[in-house]
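One structure is given here, and the rest of the page talks about it.
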Amino acid sequence: MSQLVTKCQVCKSLVDEEDLFCPGCGCEIPPHHATTDTERSMRDQGTIVARHHFECTGCGASMSYDPSAQTLRCPFCGNEKLDRGKDQRVLKPSGVIAFTITKDQALAQLSVFFKRGFWRPDDLAQQAKITQLTAVYVPYWTFSARTYTNWTADSSATPSHARGNWLPMSGEHRGSYRGILVGASGVLTPAETAAICPYDLSKLVDESAVDLENAVYEPFQVQRKYARPLAQQAIDNLEAQACRAYVPGECRNMKVNVRLEGLAGEPILLPVWIMAYRYGDEVHRFLVNGQSGRCTGTVPTSKTKVAVAFGIALLVVLAIVVILFFLSRM
């Protein structure tokens, strides 16, 4: 994933070499061919060598594994069949956040998680086949940008003499955003990587301060150009929220036209406790933010409880039908 990065001459947003148009202002980018030794050296400076590289034959996860582990097991799906790969150059993170949540604290979160929710099987904690809780550094992109927004909306605060119920309004807003996180994992879904956020990015340290050689981390699987649309959508949503503050009363039909300047995305590694567990034939995943303890995961649904609820609802409907039938005959 090493790539040469430049800046747009118009809005100063970061531009990857494959981009035909600037992601910030839409300006056309002249074609660029990196062929010189200097440009190749710039690429190599933005990479690190991933050693002890493995790929899971079950879920396809690619990761650099802790060589001291006795039994290698995929933290994403629990599979023990991992294929050893050659050392390879991967994108170098610009920063890493170290773990502050301990394994015992993460297990305590798991115990609470298993007991939460009515539709979960009553024997989930006893019957779930739990694999080892693994500390994994998960890749993210962190985006920043300045915004120039034109907005329109309808307000319920109409003048006393107005005939309509809504007053059209418009305006401008300028903003600045940092720390917009977009997951770059090839296995975890965008919903999973978003659910364990936020992180305190002021705690980022250089990757050399963390012993990645003896840790489990996933290389970047989502390129910046594919993460940018998600970051732009998040910024659009934040701008819409900011612009609503200018609308008195109730607001409807909020529309924002956001222009970005200085859009930049940096690769970082964030700490996540990951555990795969099996209940029956289903495989589920549990995640804990390694900095704050925020957790998320998927759980099975009790078929017995669903069947009972469906039966009760059916009986209630039949009872209502019978009552209405007799009332109609009177």
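Here Tyr226 passes the criteria (1) exposed (fewer than 14 other Cβ atoms within 10 Å of the Cβ); (2) farther than 30 Å from Cys22 by Cα except the one numbered (2). What number of residues within the range 212-235 are over 23 Å from Phe54 (Cα atoms) and under 15 Å from the mean Cα position of the chain (by Cα)? Of the residues in the range 212-235, 11 are over 23 Å from Phe54 (Cα atoms) and under 15 Å from the mean Cα position of the chain (by Cα). Filtering Gly265, Gly249 for residues that are surrounded by 19 or more Cβ atoms within 10 Å (Cβ to Cβ) and farther than 30 Å from Phe114 by Cβ leaves a single hit, Gly265. Set side by side, the residues Thr142, Thr149 differ, and just one is in a strand (DSSP E or B), farther than 30 Å from Thr47 by Cα, in contact with a strand residue (DSSP E or B) (Cβ under 7 Å, 6 or more places away or on another chain) and touching a residue at least 40 places away in the same chain (Cβ under 8 Å), which is Thr149.
Among the residues of the range 188-211, is any over 16 Å from the mean Cα position of the chain (by Cα), at pLDDT 95 or above and buried (at least 16 other Cβ atoms within 10 Å of the Cβ)? Yes: the range 188-211 contains one or more residues that are over 16 Å from the mean Cα position of the chain (by Cα), at pLDDT 95 or above and buried (at least 16 other Cβ atoms within 10 Å of the Cβ). Against the condition in contact (Cβ under 8 Å) with a residue 12 or more places away in the chain, in a helix (DSSP H, G or I), among the acidic types (Asp, Glu) and under 25 Å from Gly26 (Cα atoms), how does Glu266 come out, does it pass? No, not satisfied.
Yes/no per residue for (1) basic (Lys, Arg); (2) part of a loop (DSSP other than H, G, I, E, B); (3) in contact with an Asp or Glu (Cβ under 6 Å, 6 or more places away or on another chain); (4) at pLDDT 55 or above:
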position: Val10; (1), (2), (3), (4): no, yes, no, yes
position: Asp19; (1), (2), (3), (4): no, yes, no, yes
position: Gly26; (1), (2), (3), (4): no, yes, no, yes
position: Pro30; (1), (2), (3), (4): no, yes, no, yes
position: His33; (1), (2), (3), (4): no, yes, no, no
position: Arg40; (1), (2), (3), (4): yes, no, no, no
position: Arg43; (1), (2), (3), (4): yes, no, no, no
position: Ile48; (1), (2), (3), (4): no, no, no, yes
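Scanning the range 287-330 for residues that are in a loop (DSSP other than H, G, I, E, B) and either touching a Lys or Arg at 6+ places or on another chain (Cβ under 9 Å) or among the β-branched types (Val, Ile, Thr) (or both) yields Gln291, Thr298, Val299, Pro300, Thr301, Ser302. All of Gln105, Gln88 fail the test of being surrounded by fewer than 20 Cβ atoms within 10 Å (Cβ to Cβ) and within 21 Å of Val272 (Cα to Cα), apart from Gln105.
Going by the structure shown, is Lys203 in contact (Cβ under 8 Å) with a residue 60 or more places away in the chain, over 26 Å from Gly60 (Cβ atoms) and not β-branched (Val, Ile, Thr)? In short, yes.
Pull up the range 59-72, narrow it to residues that are surrounded by 15 or more Cβ atoms within 10 Å (Cβ to Cβ) and modelled with pLDDT under 85, then point me to the one that is nearest to Glu218 (Cα to Cα). Selected residue: Tyr65. The set of residues in the range 176-211 being within 19 Å of Pro229 (Cβ to Cβ), part of a strand (DSSP E or B) and out of contact with any helix residue (DSSP H, G or I) (no Cβ under 6 Å at 6 or more places or on another chain) consists of Arg178, Leu181. In the set (1) in contact with a Cys (Cβ under 9 Å, 6 or more places away or on another chain); (2) more than 30 Å from Ile97 (Cα to Cα); (3) assigned to a loop (DSSP other than H, G, I, E, B), Ala157 fails one condition alone, (1). Of the residues in the range 89-108, not one is at pLDDT below 85, in a loop (DSSP other than H, G, I, E, B) and out of contact with any helix residue (DSSP H, G or I) (no Cβ under 7 Å at 6 or more places or on another chain).
Within the range 194-250, the set of residues being under 30 Å from Met169 (Cα atoms), of a type outside the set (Gly, Ala, Ser) and touching a Ser or Thr at 6+ places or on another chain (Cβ under 6 Å) comprises Glu239, Val247, Pro248, Glu250.
The values are calculated or read from the model by the stated rules, or taken from the named source; none is laboratory data. Model, not experiment: these values are computed from the prediction. Here Cβ is always computed from backbone atoms with ideal geometry, including for glycine, and neighbour counts include all displayed protein chains.
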